Structures are given as C-alpha cells and as structure tokens.
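In what follows, a structure is listed as structure tokens, so that the remarks can point back to it.
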Amino acid sequence: MNKIRSFVPWFLVAALIAVSFSFMLSAASSDSVVMDELAHIPAGYSYLKFFNYRLNPEHPPLVKVISALPLLFLNLNFPSDRPSWQEDINGQWTAGTQFLFESGNNPDQILFSARLGPMLLTLLLIIITYGLSSRLLGRWWALLPTAFLSLSPTVLAHGHYVTTDIGAALGILAASWAFLNFLERPNRRSLIIAGLVFGLAQLLKFSVVLLIPFFIIITAVHLIRNAAVNLKNTTLQTKLLYLFREKLKKAGQLLSVFLIGTVVIYAVYFVFTIGYPTSRQHRDTVFSLNSFAGGPTPAGQTCRPARCLADVDIFLSGHRLTQPLGEYLLGVLMVSQRSAAGNTGYFLGEVSAAGWLSYFPVIFLLKEPLPSLIFILAGLLLALIKMKRTFSRRGFTLGEYLHTNFIEFSLILFVVFYWGYSITSPLNIGVRHILPTVPMLYILAAGSVKNWIVSFPYHLSSVSFLNRFRSLVGIFSRLAVKFTALSALLVWLAITIAVTSPFFLSYFNELGGGTLNGYRVVTDSNYDWGQDLKRLDDFVNSRRIDKIAVDYFGGDSPSYRLGNAFVPWWSEKNNPREEGIEWLAVSVNTLASATAIPAPGFARAPENEYLWLKTARGLPVNLAEPPPPDYRAGTSIFIYKL
C-alpha cells in the first residue's frame, strides 16, 4: 500500500508532463522559425558535424547541440561551401537562411526535429521542480508548484523553441539544488555532483554565470548561520577561531566546485573547437572584440580592467591548449557587451534603446496568468505575515530562521538578486530573461500556502460532544474552502492555457488586454518573434492572393513560404497599392516600433513611421499605435486590404 501511495504523486507528475508536452507539440508543429532559432539551429548542427564553433559564439553549446542531435539522421545539406561559412566572421544569420531554406532541405522537418530537444529539457525542468519541491514541501504538496510550472504560458512558449532560456531555468534550478544539497550535506559525492551540475549549467546560457556570486554569498550566509547556532554560548575568541577555520574550509570547497565546473566547460568546448583552426578562431576573436570596452589598448599604456579581459581572451584564443577557454570567455564577453548596449524596443507606447526600470515588473504582472499571479502574490503576503509573527517572538533570531529555512532563504535571495540584475540592465527584450526565477517563485508560493493551511490551529473542543462536532465541522469547512480555492485557481489556469493554445508566445492576461491586445503593451519576444509566417501562408492560400507586400520580423523566410506571391516591403516604399498590390502584411513588432512615441534621445526618420498607412486608413498621423488590421495571421502579423 505504501508503495502505491508513493507512486501516485509521480503518476500525477507524469500526467502533468504529458499535458505540457502535448501543448508544446501542437505549438512546435504550427509555429514558424522564430528569430533566434535561425542562428541556433545551424550553429548546433555545425558543432556536431564539423566540431567547429565559428557560428553563434555568443551562446554556449549545450541546448544547440541537444537540439541538433536528431538532425544528424536526416541526411541534410549544409552550406559549408558558401562565404557565410568560409569567409564571414560569425555569419550565423546568413548560414541559417541558407541551411534551412536554400540548400534543398525540408525546413519544417528540421525545425520540428530540432525543437524536440528543448521540449525534453522543459520536461526535465518540470521533473527537477517537483524533486526540489518534494524536498521542501513533501511529495504531495510538491505537485502544486509543478502544476503551475507545467501550465505556464511562458514555459510552454519558450519550451518549444531552440533558444537558451529554458536551458537557463533548468541549469540555474538544478545547479542551485545541487549546491544547496552540498552545503547541507557536505561530502565528496555531493561536492562532485555540485561541481558537475554547475559546469553543465554554464553550458546552457551565459547568464548562468551569475551563479558564481550567488554561490559565494550563500556559502558565507551558511557559514555565519552555523556559527550563530553552534556557538551561541561560546566566547568571542572561540567564535573567531571557528569562523577562520571554517572560512578556509568553505573557500576550498567552493573553489573545488568552480574548478570541477571549469573542467566540464573546457572538455565540452574542447570537443567543439577540434575542427576550428586556431588561427581562424584568433582572427574571429580579435574582430569580435575590436570595440569591446573602448577598443584595443594603445601601445605603452596599461589596459583598462574590462579591456584586460578581452586581451586575455585574445591570447587564449591563439593557442590550441587554451583555445576552448578562449571561446567560452568570448561568449561571456559578447553577452556582457550586448547587455550593456541595450536593444531598441517598444514598451507602453514608447520606443527606446535605453531600457526601462519598470519593464520586467510590468510585463511579469501582465503576462503571468491571473490565477498564477494570485497564487504568487497570496504566497508573498502569507510569507510576510508569517515572518512578522515569527520575528516578533521573544528570543527568536535570524540565525534560528536560517537554520530551519536556509533553502527557502536561498531561493528568495536568488530571486531578488536575479530580478535586481535584470531590472537594472538596459537589455529589455522579453519576459524570458527572468524565466529562471519562475520555478522558484512557484515553489516559494506553494510553501507559504502549505503553511497557511496546515499550520492553522485546528483543534477539537473538549467541553462537550456537541462542541466537538461543531469544531470538527468548522475544521472541515475551512479546509474545504481553502482547497476549493486552490483547485479553482488550477482549473482557471488549465482553461486559460487550453483557450490560448497554440499562441503561448503572445499570451497576456486580462490586465494586459488579453492575447489579442497584448501588443499594445510590449512586443519583441513577448508577443511577436516571427512565429506566424506559416499562418500567413495559410491565409494567402485560402484567399488565393496573387501578390502581397510583406514586412516581416522573424527568422523564417517569406520568399520560401509565399513563393511568387511575396513582395518584400518596408515603410519607406510607401503604399503598395501604387504598384497594383492590394494586400499588405506587417509584423506587429515592426509596426509598434514604427508608430510609438520615440523616447528622449531616440531618433527615427519619418519615412520609417508608416505614416502613409495611417493616412490610407483615415487615421491621424500622430496615432501612437499600429493601425487596426483587417485580418491577422495568428496573433502577430497584421494584414491590411488596401
């Protein structure tokens, strides 16, 4: 009987995995190539086919390689004889177009096969979320955060694309769990596991490098916690001696974790740079870092700190033994440079390249489903109430809290740390960048909700049978109300996801205007990443349209999808009606950036503002949003009958 009981939660996890996978499978088969996939898919294939890392160095290899494994069995043609591979430096976008659409391959077969890898990583993320939740909450309560994660539209959206965001969430959660387990149960086995998982996590996305300061901080907190609890009534000299001895021990263990991780990174990059000539890598690295931190250091001068890293990387890339580390460091530096530079985007009626401090809080509040949002906010409120009551007790110390709630504290610390980093970064291109914190938010909320239910002072009055009966009815009534509320949130979420499918990328909750109107809030990978081009092709075929002007944002190929019906277009070309073309299709990401109010310091030429389209629709030219379309392809491509 006990074996059956222990099996039931895992059966429910399997059911959640099956539901999540079916939703992702449907979206994966209907979505077009999104922007980043155009670079990631050919890069991953080239790593496995040629052991050469010249494409897409700004992202680590693991997600791309896992995605490319099925492609090895498809007998594909790769444009290795083209300038994009032979001569260009990181010619990833051209190589992607050539590989998918211009080499005689079946792009839909490649796309679907490659997306199986990220979907499997998403399922693994769900399993690890359940595993960590079981450790904290118990195997039954762990189903709660697992269910919210499995039905998250953000997870379902980015879980079926060949991009690194799900990989980041998986790597950060798995590495954090492994390291926290090592701190709580330090031994050789847990140390090696922590180091191996840390190294694998670094190979999933470069933002995972933030685990390094996080691990250092929580190691220090763990050390202080142990001292506060174990040496409560000892002398100051004893405490200082303990801290000094343990500090050296913890520093050595932490360094061991990082060294093991570095060995993993080196081994993987060594394999995928075997076919990358050192001279070619050195040349590519010099070019890629030419403008980094103000450019090369003038002769006779001391390099600036940031530039010193670039100079070190250039040196590493020029020697076979250090070439793998040079390629890894190049990716880290390219990402840091991209993050500092920001990205031109649309947000709340404004277009800017400088970013917004309110960006991530606002889009999280508007893209997270309302039942999930209620769950998280309720969990936060309950946690604050519990914390206030706990610390108001006489004699209760922070050390005692950390002793009993260290993992919970660590998760909170990471969420605050990661959100703080993301909010202050000018690189505002999608809610996907805070995806690594979503599983942690669900776990923390579930912990608060569990405490709220099980810690309620349920007791039976001993006065009389009637009073006992009334108390029993009251207990069951309160439990019924609470569990009904939880069940209602999950049912609400399930219905929301079923209605939204397969348009998970464009999902916005009711506060954000819903999936059809979310573009008014923000675009890019929050709404329009090029996922609807195949749906535009379906529209053109169903209407038997001979010619359609298309201004497309994304990774797919309009010329391949639409054939002779496709006429490339952009705002500066004015009204296609003047050339006898009655149909216009424009990606809403392009329209939003063209029509929004420019932020101070952001310049935009009038000919790029689709003023003629507003005039043709009888709208004022100062309209600061895309003109309403006559039709849509999916959610993100606006179609106008001129």
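The values are calculated or read from the model by the stated rules, or taken from the named source; none is laboratory data. Note that this is a predicted model, so its numbers are computed, not measured. All Cβ positions, even for glycine, are placed from backbone atoms using ideal geometry, and neighbour counts span all protein chains on display. Note: areas computed on protein heavy atoms with side chains; ligands, DNA, RNA excluded. Shrake-Rupley method; radii C 1.70, N 1.55, O 1.52, S 1.80 Å.
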Carbon plus sulfur fraction of accessible area for the stretch 548-602, probe 1.4 Å, in percent: 48 percent
Gyration tensor (alpha-carbon) shape descriptor, the stretch 33-76, a/c threshold 1.5: oblate
Rounded if a/c under 1.5, otherwise prolate or oblate - the stretch 182-227, Cα gyration tensor axes: oblate
Inter-part distance where the stretch 6-60 and the stretch 73-125 are each reduced to a Cα centre, Å: 13 Å
Rounded to the nearest 10 Å², the accessible area of residue 158 at probe 1.4 Å: 0 Å²
Projected label distance in nm at residue 453 and residue 631, using a 7 Å step from Cα toward the beta-carbon: 4.8 nm
Whichever aspartates and glutamates have a C-alpha closer than 18 Å to that of residue 250, once near sequence neighbours (fewer than 8 apart) are set aside: 184
Cα pair distances of the chain binned at 10 Å [whole percent]: 3, 14, 23, 25, 19, 10, 4, 2, 0, 0
Two-site FRET efficiency, residue 641 against residue 578, from Cβ-Cβ distance with R₀ of 22 Å, rounded to 0.05: 0.90
Simple spin-label estimate for residue 189 and residue 390 in nanometres, 7 Å along Cα-Cβ: 3.0 nm
In degrees, nearest ten, helix 533-543 long axis to first principal axis of the chain (Cα): 50 degrees
Dimensions (Å) - the stretch 106-174, Cα atoms, principal axes, largest first: 47, 20, 15
Longest to shortest principal axis, alpha-carbon extents of the stretch 507-601, angstrom: 40, 31, 21
MRE, 222 nm, helices only [DSSP H, n ≥ 4, -39500 (n - 2.57), over the chain, to nearest 500]: -20000 deg cm²/dmol
Aspartates and glutamates with Cα under 17 Å of residue 388, excluding same-chain neighbours fewer than 8 positions away: 400, 408
Cβ-Cβ FRET estimate between residue 338 and residue 423, R0 fixed at 25 Å, reported to 0.05: 0.90
Cα gyration tensor shape of the stretch 1-126, rounded if a/c is under 1.5, else prolate or oblate by comparing a/b with b/c: prolate
Full-extension gain in nm, residue 320 to residue 599, via 0.36 nm per residue minus C-alpha separation: 95.7 nm
Loop-resident sites, the stretch 51-141, for chymotrypsin sites (Phe, Trp or Tyr not before Pro), counting at most 13 other Cβ within 10 Å (DSSP): 140
Cα-based reach from residue 49 at 25 Å (exclusive), listing lysines while leaving out same-chain residues under 8 positions away: 64, 205
Cα-derived Rg over Rh, computed across the stretch 183-311 with Rh taken as Kirkwood radius: 1.13
Largest-first principal axis extents of the Cα set of the stretch 252-330 (Å): 38, 34, 17
Solvent-accessible area per residue, Å², over the stretch 153-253 with all protein chains present [probe radius 1.4 Å]: 41 Å²
Gap separating the Cα centres of the stretch 574-633 and the stretch 504-550, nearest whole Å: 16 Å
Residue 22-residue 109 FRET efficiency (beta carbon distance; Förster radius 22 Å; 0.05 resolution): 0.60
Approximate spin-label separation residue 365-residue 403, in nm, with each point projected 7 Å along Cα-to-Cβ: 4.0 nm
Between helix 211-230 and the chain: long-axis angle, C-alpha atoms, 0 to 90°, nearest 10: 10 degrees
Share antiparallel - DSSP beta bridges, the chain, percent rounded to 5: 60 percent
Reciprocal mean inverse distance between Cα atoms of the stretch 305-404 - Kirkwood radius, Å: 18.8 Å
The chain: angle of helix 107-137 to the longest principal axis, Cα-based, in degrees nearest 10: 10 degrees
